[in-house]
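Contents: one structure, followed by commentary.
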Amino acid sequence: MKLSTRSCLRILFTSIAIFSFGATLAYSANVTLQWDANDPAPEGYRVFAREGSQSYNYDNPLWENNLTTCTLTGLTEGVTYHFVVRAFDGGLESADSQEVSYTPAAVVLNQAPTAVAGQNQSVDEGTSVTLDGSGSGDTDGTIVGYQWVQTGGAGISLNNAASAQASFTAPVVGIDGGTLTFSLTVTDDDGSSSASTTTVSVLKSSSTDVDGDNVPDVLDLFPNDPTEWADNDSDGTGNNQDPDDDNDGMTDVWEITYGLDPLINDSALDADGDGVTNLAEFQADTNPTTAPANIAPDAPVIDSVTQIERVGLTPVLVSGLYFDADNDDHFQSQWQISTDSDFSTLILDETSETQLTGYTVGEMVLDADTVYYWRVKFIDARNGASDWSHTSTFTTITAESAGDANIDGIPDAQAVDESVDVNQNGESDNGEDKIMSINTVEGQAIVGVEIVSDDVALVSIKSLPTDTIPDQSVKMEFGLVGFKLYLQNGVSNASVKIHFSRPVATDARLYKYSADAGWQIVPDTVLAADRKSVMLFLEDGGMGDEDGIENGVIVDPSGIAAAESLAADSAALSTGGTSSSDGGGGCFISAGTPDPDMRTLDFISSKAVLLLGIILVLGAGTLFAAAFPAGINE
């Protein structure tokens, strides 16, 4: 530096001023300096700067130009800077101008506002709703804009959507109500924004009546149809258009005409007590409230015959023709079997709508080597019952003839060996008192029946084939398994567990068959987790009891089948515990079963070849029962 030379330049300005300053978003500041011009004008000016207590570096000016103002950038916020200006002309340079100082202030970034759309609300349809965003705020400025937008639910019209508070009318909703969602966006004076949401749940009002039929929508099953509001039978057709509001098979007009209730299913009732249901009266177009005199049918006729041979354990009982003086249809027949001639102890008591003049006794109902008495009565379509037929009798074959030579309750051909332990308790089934096991005649499996409840004795078990059942829509895995229980000490029900030697299908159910009800799913059953057993609850005389009467004996033939095994043409299966039998239990139809739909002599020729009016031969024995050439059924 040549100080002597620079000192020769006279300084004609005495002050420097900070003209302006600023900061950028990159956290750096700038400053603009301005000074008086020298006269005469020098070649130019140089600006020097230092920080804090540092010295000026005159060899390194920050700025050099012939202007009298300059802008310096890149200053650090919070640091104090000192500035001087020197004029120069060639090699000459003046002394320092007056020093000025500047400390850039720290830049404070804008904070976004906070949007508050308000709490969620629950309102009734049709009411005015206010959306309140006045709780929104901005900590470093002010909010200059609000905007409400609906984001979900039934469309509505928003009022004052650009204000802190918007409003709308809640729409009409369905019986389950509806949900509307809204978003509020607020903007501050620096351009930043934020959003918040809120939900409005719209409830069905108890007074809204959209279709104007004077029935509130909450009670109106057809809220948009002023001509309908109720659907008594839930069939989708309103009562005003539905000809049968209770879906009981009888038209409303007919029921009203005869004073019946068109809104209650009373088809099974008998308004006039004539033994004919209201539905049957409707179908016959007769007055259900006036009972005509009814003449009961004649008592069945059974010819007495001399028993030549014993009969098998599933004989067919045959009566004579049905006759009714006032021509009522043959509705039912009641069949009874007893070991007493006065029928004080009933072995079977079944009322059937299909086995009218011929009844096949189910498997395991009868015991071997036993004398039985039987009788039958006819019942007409108006519930008129005939007298009992006279009593007839027969004797069953011996146990040995029935295939149980050792009289242990298990058919000799189905007996299992000592190694079988189907209940997997570590003991041979043959050595236990509460279980009997057999080899099945279908499915090549072993099935065991085990008594679970007390005061119940298991007396016999038998595997039964299913190929003679008329309805083949259900395919048994192991055929049917029948067993007989004796109930002791006054108990009327029993719990048993049926074991299988291999797991059954996951959707397996227990089924039984009756001529009147067809295939039925047995209720009150529980399939084990390993699918190798099923728990079964039986009631004496109830569903599952073959003899149809509460008599201390339960006879149950049933079988396991998977739902996937049902044939495509399978009829609907019953899952209830009712049938047309008095005792609630259906009859298993064995190989000698008369076809329920055949009511002509063809049945006799195909199913009872030797019936010739007096004697029927069935496999191992002869049925002495009477019949008439005209046919078993009417």
Are any residues in the stretch 448-457 hydrophobic (A, V, I, L, M, F, W, C) and surrounded by fewer than 22 Cβ atoms within 10 Å (Cβ to Cβ), and if so, which ones? 451, 452, 456, 457
Residue selected from the stretch 21-43 under the condition over 21 Å from residue 84 (Cβ atoms) and either among the small types (Gly, Ala, Ser) or in a strand (DSSP E or B) (or both), by the criterion modelled with the highest pLDDT: 28
Out of the stretch 458-500, which residues are part of a strand (DSSP E or B), in contact (Cβ under 8 Å) with a residue 60 or more places away in the chain, buried (at least 19 other Cβ atoms within 10 Å of the Cβ) and not aliphatic (A, V, I, L, M)? 460, 462, 482, 483, 484, 499, 500
For the stretch 273-293, pairs from a residue that is more than 14 Å from residue 258 (Cα to Cα) and in contact (Cβ under 8 Å) with a residue 60 or more places away in the chain to a residue that is surrounded by 13 or more Cβ atoms within 10 Å (Cβ to Cβ) and not acidic (Asp, Glu), with Cβ under 6 Å and 6 or more apart or across chains, are 274/291; 274/382; 275/382; 275/383; 276/382
Report yes if some residue within the stretch 257-269 is surrounded by fewer than 20 Cβ atoms within 10 Å (Cβ to Cβ), under 29 Å from residue 387 (Cβ atoms) and within 45 Å of the chain's Cα centre (by Cα); otherwise report no. yes
What pairs can you find where one residue is in the stretch 151-169 and over 23 Å from residue 204 (Cα atoms), the other is open to solvent by 80 Å² or more (accessible area, probe 1.4 Å), and their Cβ atoms are less than 7 Å apart, with a gap of 6+ or different chains? 161/147; 162/147
Of those in the stretch 44-70 that are open to solvent by 80 Å² or more (accessible area, probe 1.4 Å) and among the small types (Gly, Ala, Ser), the residue farthest from residue 84 (Cα to Cα) is 53
From the options 230, 166, 195, residue that is farther than 30 Å from residue 115 by Cα and among the aliphatic types (A, V, I, L, M): 230
Would you pick out the residues in the stretch 501-543 that are open to solvent by 10 Å² or more (accessible area, probe 1.4 Å), more than 22 Å from the chain's Cα centre (by Cα) and among the basic types (Lys, Arg)? 502, 531, 532
Which one of these is in a strand (DSSP E or B) and modelled with pLDDT of 90 or more: 447, 422, 441? 447
Of the numbered conditions (1) within 32 Å of the chain's Cα centre (by Cα); (2) in a loop (DSSP other than H, G, I, E, B), residue 202 fails exactly one; give the number of that condition. (2)
Filter result for the condition that a residue is out of contact with any Ser or Thr (no Cβ under 9 Å at 6 or more places or on another chain), at negative phi and acidic (Asp, Glu), over 261, 272, 248: 261
Sort out which residues of the stretch 123-172 are over 30 Å from residue 208 (Cβ atoms), β-branched (Val, Ile, Thr) and open to solvent by 70 Å² or more (accessible area, probe 1.4 Å), and write them in order of number. 139, 142, 144
Restricting attention to the stretch 429-447, which residues are open to solvent by less than 30 Å² (accessible area, probe 1.4 Å) and small (Gly, Ala, Ser)? 437, 445
Can you find a residue that is open to solvent by 40 Å² or more (accessible area, probe 1.4 Å), more than 30 Å from residue 328 (Cα to Cα) and in contact (Cβ under 8 Å) with a residue 12 or more places away in the chain anywhere in the stretch 241-255? yes
State all residues of the stretch 77-122 that are farther than 30 Å from residue 48 by Cα, touching a Leu at 6+ places or on another chain (Cβ under 9 Å) and open to solvent by less than 20 Å² (accessible area, probe 1.4 Å); if no residue qualifies, say none. 115, 117
In the stretch 206-239, how many residues are in a loop (DSSP other than H, G, I, E, B), within 19 Å of residue 173 (Cβ to Cβ) and of a type in the set (Asp, Glu)? 5
Looking only at the stretch 375-395, which residues are hydrophobic (A, V, I, L, M, F, W, C) and either in a loop (DSSP other than H, G, I, E, B) or buried (at least 19 other Cβ atoms within 10 Å of the Cβ) (or both)? 376, 378, 379, 381, 388, 394
Would you mention how many residues in the stretch 476-494 are under 29 Å from the mean Cα position of the chain (by Cα) and not aliphatic (A, V, I, L, M)? 1
Look through the stretch 186-224, keep the residues that are over 22 Å from residue 154 (Cβ atoms) and polar (S, T, N, Q), and return whichever of them is surrounded by the fewest Cβ atoms within 10 Å (Cβ to Cβ). 214
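Yes/no per residue for (1) of a type outside the set (A, V, I, L, M); (2) closer than 19 Å to residue 29 by Cβ; (3) in contact with a strand residue (DSSP E or B) (Cβ under 8 Å, 6 or more places away or on another chain):
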site	(1), (2), (3)
56	yes, no, yes
59	yes, no, no
64	yes, no, yes
85	no, no, yes
93	yes, no, yes
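The values are calculated or read from the model by the stated rules, or taken from the named source; none is laboratory data. None of the values given here were measured: they were computed from a predicted structure. Positions of Cβ are generated from backbone atoms using ideal geometry, with glycine treated the same way; all protein chains shown enter the neighbour counts. Note: accessible area is taken over every heavy atom of the protein model, side chains too, but ligands, DNA and RNA are not part of it. Shrake-Rupley method; radii C 1.70, N 1.55, O 1.52, S 1.80 Å.
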